[in-house]
1. Going by the structure shown, is residue B:207 farther than 23 Å from residue B:10 by Cα, within 18 Å of the chain's Cα centre (by Cα) and away from chain A (no Cβ under 14 Å)?
2. Please go through segment B:152-185 and give me each residue that is part of a helix (DSSP H, G or I) and more than 14 Å from chain A (Cβ to nearest Cβ), ordered by number.
3. Condition (residue is in a helix (DSSP H, G or I) and within 14 Å of chain B (Cβ to nearest Cβ)) applied to segment A:44-54: is it met by at least one residue?
4. Quick test for you: out of A:124, A:109, pick the one residue that is part of a helix (DSSP H, G or I), touching a residue at least 60 places away in the same chain (Cβ under 8 Å), within 11 Å of another protein chain (Cβ to nearest Cβ) and closer than 19 Å to residue A:180 by Cα.
5. Can you tell me how many residues within segment B:210-224 are touching a residue at least 24 places away in the same chain (Cβ under 8 Å) and in a strand (DSSP E or B)?
6. In segment B:78-99, what count of residues is obtained for those that are outside any strand (DSSP E or B), touching a strand residue (DSSP E or B) at 6+ places or on another chain (Cβ under 9 Å) and either more than 9 Å from every other protein chain (Cβ to nearest Cβ) or under 20 Å from residue B:32 (Cα atoms) (or both)?
7. Which of (1) surrounded by fewer than 17 Cβ atoms within 10 Å (Cβ to Cβ); (2) more than 9 Å from chain B (Cβ to nearest Cβ); (3) at pLDDT 75 or above does residue A:40 not meet, given it meets every other one?
8. Given the structure, is residue B:122 under 28 Å from the mean Cα position of the chain (by Cα), more than 8 Å from chain A (Cβ to nearest Cβ) and surrounded by fewer than 23 Cβ atoms within 10 Å (Cβ to Cβ)?
């Protein structure tokens, strides 16, 4: 028996030494799993391609009349409506997919996987942050695909290749933060049916009370005020500037800083909410 | 050598005011297979979740592998494996990917993860299906994969919550074999809950019976069975007149050869010193009360009777209600 227990003692010692800084590796594994799940569900990948295509073709054609009217074109600040619309579709994808992140937590809770993760020596913070990271990677990929489709449809990105990448990164950061919002709410729900209406209720006003699909110039005053407090407005302003105007830094930096700040705050809030829910 | 699980006056009160576990104390030695039995809602899962660090105790102390569950949760988590009754494996991933993920959660290096995955897939006979999505696995294969995942970090203690619930007899025996093998070869300790008395009897070195949050008894299966002295006579009446049965029971229990009698549905169960001579005497009483007998059985005591004596419930009822509720989600 002495001989048999020896390797275990050795393992325990080894485990202790690796116990120090495990947060990055824990986040990696939580994120890896969610990415695997994403990539092995073909319907999800297909929809991420089809949906923006439909939006761009449909909305781009339908609304092109708006830019034929010189007043409309001035209000939108673009020559073609599709230039205005492309970052709008990108942010919409980021908003919706980001907000769905909470479902995966409810699902894991339901089928017992959450308890399995909690019984393992992984950092508690890694669970929400890993899920948020996976969401944001997925959306960065989707936004790049939307961008390529838009390029094919004749949209020009004034800021070039690096601007194109920065657009995808901003969308990724924004969805990271939205995933955090979604998780912070989802921690209190035991069923998907209970969570769904709440998240729907959240996305619609965020979408329409921003300048994502309507130009701010066309908004009534009360809506402008809401739009000014809407984090989505701050993510889309630099994205749209990079598409339409190019590297106009005074329009890009404030939105970028606020979006990064939003993401950081959501890391803290979602971790706090998550820890509260498992205590 | 110090016990591997030490529990002292452990108590859990939920926010609603329900006390699920009341000041329980016990110890489990290294290399033991310890069974935790009791009706649904008795506090089995609550106890496991406190030892697993998934729930914090209201009061009392618990140590696993020498580490306090409240003060050193990460060391406790590293020392134990937890196999819940939920079959918590990701069915979109493959078998191998599930093991890789589990190894990552326990901070194993990639090299070690792939070595041990290979070893464990062999142990649970899933090597051929290792790269298929778990979605395509049968219930028994999933359970075996779940057990393999629980073993990846070579825990000192393995917690098994209803390990063979809903599995066919062949798979049940396979799982018993794994448990016996690991105990023998690795000197691993097992803490398991079960509703199957034959499982507890076949596997466990010691059994604790818990009811309403209190441990009623802890002992080896053999000496528990000895505690129920004598033999058990079960009688089924062909009619169910409550009055007549109620009349007959006190007279049966007043017989000098009868230790005690309990009514069970439309029949009764009597613990007697000597079954062969008790049966004619009991028959005489029953006939004098005008009751007709449908069937009679004489049993040597099994764990079923021990369980009933300590919890006042029959396993038949217990198993039915368990069938309805085992799929509900615990939070």
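The values are calculated or read from the model by the stated rules, or taken from the named source; none is laboratory data. Keep in mind that what you see is a predicted model, and the values were worked out from it rather than measured. For neighbour counting, all protein chains shown are included, and Cβ atoms are generated from backbone atoms with ideal geometry for every residue, glycine included.
1. Details: farther than 23 Å from residue B:10 by Cα: no; within 18 Å of the chain's Cα centre (by Cα): yes; away from chain A (no Cβ under 14 Å): yes.
No; evaluated as a whole, the condition is false for this residue.
2. B:169, B:170, B:171, B:172, B:173, B:174, B:175, B:176, B:177, B:178, B:179, B:180
3. Yes, segment A:44-54 contains at least one residue that is in a helix (DSSP H, G or I) and within 14 Å of chain B (Cβ to nearest Cβ).
4. Only one candidate qualifies: A:109.
5. Total satisfying the criteria: 7.
6. Number of matching residues: 4.
7. Here residue A:40 clears every test but (2).
8. Taking the combined requirement at face value, the residue satisfies it.
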